[in-house]
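Asker: Take a look at the following structure, please.
The values are calculated or read from the model by the stated rules, or taken from the named source; none is laboratory data. Computed from a prediction, not measured in an experiment: that's the story for all the values here. We place every Cβ from the backbone using ideal geometry, glycine too, and count neighbours over all the protein chains shown.
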Amino acid sequence: MSRERLYRIGLPIASVTVFLIIWSVYVHSAEVSAFVLPPPEKILVALSQMITEPKLWHHARITATEAISGFLIATFIGVGLGFTMARFPPVEWAAKPFIVCLQLIPKIALAPLFILWFGFGLESKIVIAAALSFFPVFSNSLVAFKSVEPGDKDVLTMLQAKSWQRFTLLELPSALPVILAGAEVAVVLAMIGAIVGEFIGGNEGLGYLAVAYLQDLAVAELFGTIVILTLVGLVLYGLISQLRAWLTPWHVSNKKA
């Protein structure tokens, strides 16, 4: 194993370990109540018990389904709209002000309306997740498609390439690194949107489970749920990051220093 790879693996583990030790020492030395901030070892015990319960995996599956569905919807609409606006400037002139104004509205404030319109089931959480994750994909897609090198476009024009050839051979490969960078941000926001929806009007999912533990004053289990939420979000982010490395290995951001 190279020294760089050893550092990449060892340093994060070391930093997290030091953080947990400081946390534990502080809680015990300052005699902080477990109802305010339980020690890490108590959270670990609660977490080890929680992962053996089928209901945890059911709630985790619901939250992941909501986040992934919302993210996919936002990605499909965002990339399609970004490409259309980049290809046809009048569409951008007409639609972009509305999109920007909608983006300026706090989506969290609209969450109760989404639940009112789409009900208390999965649909409302998916819509909230899509609303929160839409703009990073859209804005990155618009910039990426508009940033395709004019010289490359001229070459394909000289070769009399068809529209689908221009898209598959030039526009999409050129835009993909920037689009996927936006997708990394969007998938995290989709996770947040799903959780917010469950907080406000959910009867299942990890957000609902966290509220239930809070009402029961099961603080260690509440922290355990937060850990699970973090891990689910980290997995989704890692998948998109790995997808970017697979699809754009030639890009400078994926090359080792």
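Asker: State whether the residues of the stretch 146-161 include one that is in the same structural domain as residue 91 (by TED's automatic domain parsing), in a helix (DSSP H, G or I), small (Gly, Ala, Ser) and crowded, with 17+ Cβ neighbours inside 10 Å.
Answerer: no
Asker: Just one of (1) in contact with a Leu (Cβ under 8 Å, 6 or more places away or on another chain); (2) farther than 22 Å from residue 125 by Cα trips up residue 242, so point out which.
Answerer: Here residue 242 meets the rest and fails (1).
Asker: Sticking with this structure for a sec: Hey, does the stretch 94-102 have a residue that's assigned to a helix (DSSP H, G or I), crowded, with 22+ Cβ neighbours inside 10 Å, more than 15 Å from the chain's Cα centre (by Cα) and among the hydrophobic types (A, V, I, L, M, F, W, C)?
Answerer: For the stretch 94-102, residues assigned to a helix (DSSP H, G or I), crowded, with 22+ Cβ neighbours inside 10 Å, more than 15 Å from the chain's Cα centre (by Cα) and among the hydrophobic types (A, V, I, L, M, F, W, C): absent.
Asker: Return yes or no: is residue 183 more than 20 Å from residue 110 (Cα to Cα), at pLDDT below 90 and not aromatic (Phe, Trp, Tyr)?
Answerer: When the stated conditions are applied, residue 183 does not pass them.
Asker: Restricting attention to the stretch 63-119, report how many residues are among the basic types (Lys, Arg) and under 27 Å from residue 237 (Cβ atoms).
Answerer: Qualifying residue count for the region: 1.
Asker: Has the stretch 111-120 got at least one residue that is free of Cβ contacts under 8 Å to residues at least 40 places away in the same chain and surrounded by 16 or more Cβ atoms within 10 Å (Cβ to Cβ)?
Answerer: Yes, some residue in the stretch 111-120 is free of Cβ contacts under 8 Å to residues at least 40 places away in the same chain and surrounded by 16 or more Cβ atoms within 10 Å (Cβ to Cβ).
Asker: Right, another one. If you go through the stretch 56-102 one residue at a time, how many are touching a Lys or Arg at 6+ places or on another chain (Cβ under 6 Å) and either at pLDDT 90 or above or of a type in the set (Lys, Arg) (or both)?
Answerer: Going through the stretch 56-102 one residue at a time, the tally reaches 1.
Asker: Restricting to the stretch 52-71, what's the tally of residues that are without any contact (Cβ under 8 Å) to a residue 40 or more places away in the chain and either outside any helix (DSSP H, G or I) or surrounded by 18 or more Cβ atoms within 10 Å (Cβ to Cβ) (or both)?
Answerer: Residues in the stretch 52-71 being without any contact (Cβ under 8 Å) to a residue 40 or more places away in the chain and either outside any helix (DSSP H, G or I) or surrounded by 18 or more Cβ atoms within 10 Å (Cβ to Cβ) (or both): 2 in total.
Asker: Here's a follow-up. Hey, among the residues in the stretch 215-257 that are under 28 Å from residue 3 (Cβ atoms) and aromatic (Phe, Trp, Tyr), which one's modelled with the lowest pLDDT?
Answerer: Top of the filtered list is 250.
Asker: Hey, among 31, 41, which residue is without any contact (Cβ under 8 Å) to a residue 60 or more places away in the chain and part of a loop (DSSP other than H, G, I, E, B)?
Answerer: 31
Asker: Taking residue 79 as the residue in question, decide whether it is among the hydrophobic types (A, V, I, L, M, F, W, C), part of a helix (DSSP H, G or I), out of contact with any Phe, Trp or Tyr (no Cβ under 7 Å at 6 or more places or on another chain) and within 27 Å of residue 210 (Cα to Cα).
Answerer: No; evaluated as a whole, the condition is false for this residue.
Asker: Let me ask something additional. Residue 36 passes all but one of (1) under 19 Å from residue 210 (Cα atoms); (2) surrounded by 11 or more Cβ atoms within 10 Å (Cβ to Cβ); which number fails?
Answerer: Only one criterion in (1) under 19 Å from residue 210 (Cα atoms); (2) surrounded by 11 or more Cβ atoms within 10 Å (Cβ to Cβ) is unmet by residue 36, namely (2).
Asker: Output yes when any residue across the stretch 125-144 is outside any helix (DSSP H, G or I) and either farther than 27 Å from residue 165 by Cα or assigned by TED's automatic domain parsing to the domain that holds residue 180 (or both), and no when none is.
Answerer: Looking through the stretch 125-144, none of the residues is outside any helix (DSSP H, G or I) and either farther than 27 Å from residue 165 by Cα or assigned by TED's automatic domain parsing to the domain that holds residue 180 (or both).
Asker: A further question follows. Determine whether residue 45 is over 30 Å from residue 133 (Cα atoms), of a type in the set (A, V, I, L, M, F, W, C) and buried (at least 18 other Cβ atoms within 10 Å of the Cβ).
Answerer: no
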